[in-house]
Amino acid sequence: MFVNNKISIGLLMALISVIFLGSCQQYKDQSIIYKKDHSQQFDSITTWLEEPNNYHQENYQTTFYKYYNQKIREKNYKDAAKAMEFVSLNNSGFFYFDQLFLETLTSFATLYKDKVAPINSTFVYTYLGDYYYDKGDFTKAIENYRQITLLEATDYLSYYRIGDSYRTISTCYFWMGNQKLALENNFKALEYISKTDNISALLGIHLNSSNIYMGSNDADNAIRSINAALKYAVLNRKVNQTNVFICLFNKINIYDHTKQFDKMYPLIDSTYRAFKQSGLNDTSIKVSLASYHNVKLLDEGKFEDAKLVLDEIRPEIIALDSKIANLEYDVMLATYEIKVNRGIKDTQFIENMIPGFLEKRNFSKARDFYATLLNDAIAKKNFEKALDYRTDFEMMKDSIGKEEMVNKVVELNAQYQTEKKEQQIAFQQKSLINKNTTIALLFSALIVFVLLVLAVILRQKQRKLKVEKAHAQMYTKQLLEKTEEERKRIASDLHDSVSHELLSLKNSMEQKSSQTDQKIDSIINDIRSISRNLHPIMFDKVGLKATINQLVERAQTTNGFMVTAEIDYQATLSTSVELQIYRIIQEALSNIIKYAEAVAAKISITEDRNSIYIEIKDNGKGFDVNEVLNNSNSFGLHNIIERSRVIGGSAKIYSDKKGTIITVEIKKI
């Protein structure tokens, strides 16, 4: 299959422009910085002019001119500019460059452009760039697109328009044969567009990369780029299915240029069939896919079917009114005529196109045209002409090779410089990492040192608090012991001295009476009661259990309510600790008698291997434990809690309307 059977990607590059000049689609990504503002509202006419589907309405152009002229008369230049911007985008998108609109736009640029913000007048340069691009004057196209790149990038719109301009400049350099500048500007475009959420623009940039790599015969990177573009197209297919077919067309083109026909033909069939079934009404895509379908039919010898395809797309080509599309169709028709042995009717027309391509250094396009002429000469058995065309064809191949070699050398040098810089950066990063590691280690060591110091200080404070607590507990214990000793002495004096003296007085009185005896007996009983309360008589001899039983018996006799005691205790504690237990029970029982209004109470003492458990409960009216403990008059309850703590135990108090339970747990030492 000769080169002339390969459909040039010129039409494709024009199709890519549609993507960028169409509506911006959104793609959510965590790396996005600027997002398109959808809150901006326009009046009904401007909104109608913006919609591409309305472009083919009969009143589209007249509606625009009427609205535009009205806004100019009102000196509302901002609305006039916005309407002209939308119409210029649609004109470029459908390759419609009429003289009236060009004159209107030029007039606006001269008279009113400076009356709106720079970002709102960039469409002037975009349209002029597209106009010269369509005419094949890439130098003037670049001059206009370059004006947009001078904007300051501050928001979504500026980033998008600068990126789109770099992308179009890249395309121009591609057609001028300068693949190095094409790739550089495409990378610039990606740098700016990556700051936005415009998925269509990102897709177009990867498409552009694919074509540039193909211009350098780098098929591997071309396929990678087209696959990246296809991913974006698939992600956004519900919004714009056309992009999927643009990517597939590019992939077919790559397979064609790399002679991978085993992959190309199946992809042509599936893509052409899918487009037919999609119901899309996109003339540009239809013509492009039909062109490749026609090539396949010619290679298979299906000349009648191929002629039907040519007849079918001819009206579409005329409607497009595009110089590039017309050239593509002429090459297709010439290829058909060669295949059916009719030969090219007007070889001079094709020859006349070649100098223009050479002037623009578009060697690949010139090569394809020479290949077409070569095949025609061979078919007509005009071998002298065939030899000339073959010589010119090889010269174009050499020119492409030289151009690619120059670009490759520049590219390799750029890669070398890049790698050199990367090595320097890597070294600096390594040094920085080492410094950061050292700083981190020092900082970590400092933190560890500070933590150790804090730990030592905290431990010393805890030890000091523990010692102070132990001293306080010992002091309280000694105070209670001294108090008990003093009580014991006073109780002994009352019992042994005062009580004995009263008894002697009673026996020595000469004049006795029953009333006097009763009075003295009452005094003696009171003194004995006071003595027992101060210190239980015989406690040291009879022990805790017997003393508590005596306390219970006196409480029942004196106060007239039922108290029981269940004591399972084997005298494992010291006498001083037992005495404090007795005081706890005595205090609890006293509180029940004074405040609880209880009918019954129960005292329990049990023990296990590690602890002694004491429980005093009653069926009284109960009280609010927190409220009473916070009261300054709750000496009795605090006395129970403090005594428990002094002997190494802990007290808990629970109370409700059904009664009160006091539990004390004492650890055995």
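Using 1/(1 + (r/R0)^6) with R0 = 51 angstrom and r between the beta carbons of residue 654 and residue 451, what's the FRET efficiency to the nearest 0.05? Intermediate results must be reported in sequence, preceding the final value.
Numbers: r = 42 Å, r/R0 = 0.82.
With a Förster radius of 51 Å, E is 0.75.
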Exercise. Packing-wise, with mean Cβ within 10 Å as the measure, how do 313-321, 219-227 rank, highest first?
Worked result: 219-227, 313-321
Seminar exercise, completed: Within the stretch 578-641, DSSP-loop trypsin sites (Lys or Arg not before Pro) with at most 12 other C-beta atoms within 10 Å are 609
For this session: Could you please rank 51, 384, placing first whichever residue has the fewest other Cβ atoms within 10 Å of its Cβ?
Result: 384, 51
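Which of 249, 138 comes first, and how do the rest follow, when ranked by fewest Cβ neighbours within 10 Å?
Working: 249 27, 138 23.
Listing 249, 138 from fewest to most nearby Cβ atoms yields 138, 249.
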For this session: Assign unit charges at the C-beta atoms only (+1 for Lys and Arg, -1 for Asp and Glu), then state the dipole size of the stretch 537-667 relative to its Cα centre in Debye, rounded to the nearest 20.
Result: 80
Seminar exercise, completed: Whole-number value, in Å³ per residue, for the convex hull of the alpha carbons of the stretch 142-236 is 77
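Across all directions of projection, what mean area in square nanometres is found for the Cα convex hull of the stretch 537-667?
On the way: hull surface 30.8 nm².
The Cα convex hull of the stretch 537-667, projected and averaged over all directions, gives 7.7 nm².
Rank the residues 335, 46 as a footprinting-exposure proxy: fewest other Cβ atoms within 10 Å of their Cβ go first.
46, 335
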Exercise. Can you give me the relative contact order of the stretch 537-667 as a percent, contacts being Cα pairs under 8 Å and 6 or more apart?
Worked result: 23
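Given Cα positions, please report Rg to Rh for the stretch 280-323, the hydrodynamic radius being the Kirkwood one. Mind showing how you got there, number by number?
On the way: Rg = 10.7 Å, Rh = 10.7 Å.
When Rh is taken as the Kirkwood radius, the ratio is 1.00.
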Seminar exercise, completed: Of the residues 102, 117, 189, the Cα lying farthest along the dipole of the stretch 90-207 towards its positive end, which is defined by charges on the beta carbon of Lys, Arg, Asp and Glu, belongs to 189
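Find the eigenvalues of the gyration tensor of the Cα atoms of the stretch 560-610, then list the square roots of 5 times those eigenvalues as equivalent ellipsoid semi-axes, largest first, in whole angstrom.
Working: eigenvalues 117, 35, 11 Å².
The answer is 24, 13, 7 Å, longest axis first.
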For this session: Compute log10 of I(q)/I(0) for the stretch 206-269 with the Debye formula, placing one identical point scatterer on every Cα and leaving out solvent, at q = 0.12, 0.20, 0.23 Å⁻¹, to two decimals.
Result: -0.27, -0.72, -0.90
Exercise. Could you give the nm distance between label points at residue 627 and residue 553, where each point is 7 Å from its Cα heading toward the beta carbon?
Worked result: 4.0
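No value in this document is a laboratory result; all are computed from the given coordinates. Treat the numbers as computed from the prediction; the structure is a model and nothing was measured. Neighbour counts run over all protein chains shown; Cβ positions are idealised from the backbone, glycine included.
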